[in-house]
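Working notes, structure below.
The values are calculated or read from the model by the stated rules, or taken from the named source; none is laboratory data. Given the structure is predicted, the values throughout are model-derived calculations rather than measurements. Cβ coordinates were reconstructed from backbone atoms using ideal geometry, including for glycine residues, and neighbour counts include every protein chain displayed.
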Amino acid sequence: MTNGSLIEELEALPQERKAMLNRLKRVEGQLRGIQRMIIEDKPCSEILVQLTAARKAMHNACIEILKNYVRRCLVEEGKEEAPKKMEDMEKLIRTLLDISPNG
């Protein structure tokens, strides 16, 4: 981490990381909204619809993180990293299986 402020660090992030943080902030907002719905005793069916939407949003966030990981860590690294890449690829496959809807 640098000695700059958090705002400066956030502004210096690459666009794909900013997009990911924005996506996660939207999910965080969804979860806060669900908590509010529970406090306000909203109908169960409405809460479940929102929980399903939040789950899908989290799943999509996982997919985006993995796509960025593949792009940055596996594709852009040099060939001298081949053994490490295979290990990373195996870890990536395990992670994909973990986050799959049937996993």
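Looking for whichever is modelled with pLDDT of 90 or more, under 29 Å from Leu10 (Cα atoms) and either within 11 Å of the chain's Cα centre (by Cα) or in a helix (DSSP H, G or I) (or both) here; the options are Val70, Val49, Val27. Which one fits?
Just one listed residue meets the conditions, Val27.
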Those residues of the range 54-67 that are at pLDDT 85 or above and exposed (fewer than 14 other Cβ atoms within 10 Å of the Cβ) come to a total of 4
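Given Leu92, Leu97, which one is loosely packed, with under 12 Cβ neighbours inside 10 Å and either of a type outside the set (D, E, K, R) or modelled with pLDDT of 90 or more (or both)? Working first, answer last.
Details: Leu92 fails: loosely packed, with under 12 Cβ neighbours inside 10 Å.
Of Leu92, Leu97, the one residue that is loosely packed, with under 12 Cβ neighbours inside 10 Å and either of a type outside the set (D, E, K, R) or modelled with pLDDT of 90 or more (or both) is Leu97.
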Asp41: passes all of (1) surrounded by fewer than 13 Cβ atoms within 10 Å (Cβ to Cβ); (2) assigned to a helix (DSSP H, G or I); (3) at pLDDT 80 or above but (2)
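Among the residues of the range 1-52 satisfying the criterion of being among the polar types (S, T, N, Q) and either in contact with a helix residue (DSSP H, G or I) (Cβ under 8 Å, 6 or more places away or on another chain) or touching a residue at least 24 places away in the same chain (Cβ under 8 Å) (or both), which is nearest to Glu64 (Cα to Cα)? Outline the logic, then answer.
Step one: filter the range 1-52 for residues among the polar types (S, T, N, Q), giving 2-3, 5, 15, 22, 30, 35, 45, 50, 52.
This time we only want the ones that are either in contact with a helix residue (DSSP H, G or I) (Cβ under 8 Å, 6 or more places away or on another chain) or touching a residue at least 24 places away in the same chain (Cβ under 8 Å) (or both), so: 2, 30, 50.
Values: Thr2: 26, Gln30: 18, Gln50: 21 Å.
Step by step, filter the range 1-52, then rank; the result is Gln30.
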